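A short reminder: the numbers here are calculations on the coordinates, not readings from a lab. Treat the numbers as computed from the prediction; the structure is a model and nothing was measured. FYI the Cβ positions are ideal-geometry reconstructions off the backbone, even for glycines, and counts take in every protein chain you see.
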Amino acid sequence: MAVTAKWYGQAMLKAFNKEIDFDTDIIKVMLCTSAYVPNQDTHVYKDVSVTSEVTGTGYTAGGATLASKTIAYDAPTNVIALDAADVTWAASTITARYAVIYDDSPASNKPLLAYVDFGADQSSNNGNFTITWDAAGISKITVS
């Protein structure tokens, strides 16, 4: 299942205030259980807003670093797309409902960028847990 992330409301504000640099900062994706309830309006920083991170074999607290990050602008559609390589936790035994993308570069106040709701719990049992990003990118911004 290919997934596309939804933006947290203050992510663009944090980017314009130079708190987030998608190209050069360490951007991570962490997994959360169904006990976490994303709030696009009030969740701003990982450390104070995100709860219920998964635990299990093959998963390290804090999640995985996004590799091969890109930002592209498509002039005909006025869309900016953020993308990265798909993420896999190999030989893992975990159950997750959400993926949360955040900037891990600051020592504290790690800004939230976006989240994915898988729609239901997704599990791996001593196998791969893979997030396959949508072919159009992790998330898009339409300039109008």
Say whether the condition of being in contact with a Pro (Cβ under 8 Å, 6 or more places away or on another chain), part of a strand (DSSP E or B) and under 29 Å from V48 (Cβ atoms) is met by at least one residue in the range 72-81.
-> no
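I'm checking my understanding of the structure. Among residues of the range 101-134 that are hydrophobic (A, V, I, L, M, F, W, C) and touching a helix residue (DSSP H, G or I) at 6+ places or on another chain (Cβ under 7 Å), which one is nearest to F22 (Cα to Cα)? Talk me through it step by step, then tell me what you get.
Of the range 101-134, the ones hydrophobic (A, V, I, L, M, F, W, C) are 101, 107, 112-114, 116, 118, 120, 129, 131, 133.
Checking which are touching a helix residue (DSSP H, G or I) at 6+ places or on another chain (Cβ under 7 Å) leaves us with 112-114.
On the way: L112: 12, L113: 9, A114: 12 Å.
Checked the range 101-134; the qualifying residue nearest to F22 (Cα to Cα) is L113.
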Which one is farthest from the chain's Cα centre (by Cα), of the residues in the range 45-76 that are among the β-branched types (V, I, T) and surrounded by fewer than 19 Cβ atoms within 10 Å (Cβ to Cβ)?
-> T57
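Give the residues of the range 1-10 that are more than 12 Å from the chain's Cα centre (by Cα) and not in a strand (DSSP E or B), sorted by residue number. Before you say what the answer is, go through the steps one by one.
The initial filter retains those residues of the range 1-10 that are more than 12 Å from the chain's Cα centre (by Cα), namely 1-2, 9-10.
Listed by number, the residues that qualify are M1, G9, Q10.
Is it the case that the range 80-93 has a residue that's at negative phi, touching a helix residue (DSSP H, G or I) at 6+ places or on another chain (Cβ under 8 Å) and aromatic (F, W, Y)? Write out each step before concluding.
First pass over the range 80-93, keeping only residues at negative phi: 80-90, 92-93.
With touching a helix residue (DSSP H, G or I) at 6+ places or on another chain (Cβ under 8 Å) added as a condition, the list becomes none.
Checking the range 80-93: not a single residue is at negative phi, touching a helix residue (DSSP H, G or I) at 6+ places or on another chain (Cβ under 8 Å) and aromatic (F, W, Y).
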For the range 83-129, how many residues are in contact (Cβ under 8 Å) with a residue 60 or more places away in the chain, acidic (D, E), surrounded by 13 or more Cβ atoms within 10 Å (Cβ to Cβ) and in a strand (DSSP E or B)?
-> 2
Meets criteria (of a type outside the set (G, A, S), assigned to a loop (DSSP other than H, G, I, E, B) and in contact with a strand residue (DSSP E or B) (Cβ under 9 Å, 6 or more places away or on another chain)) for T24 | no
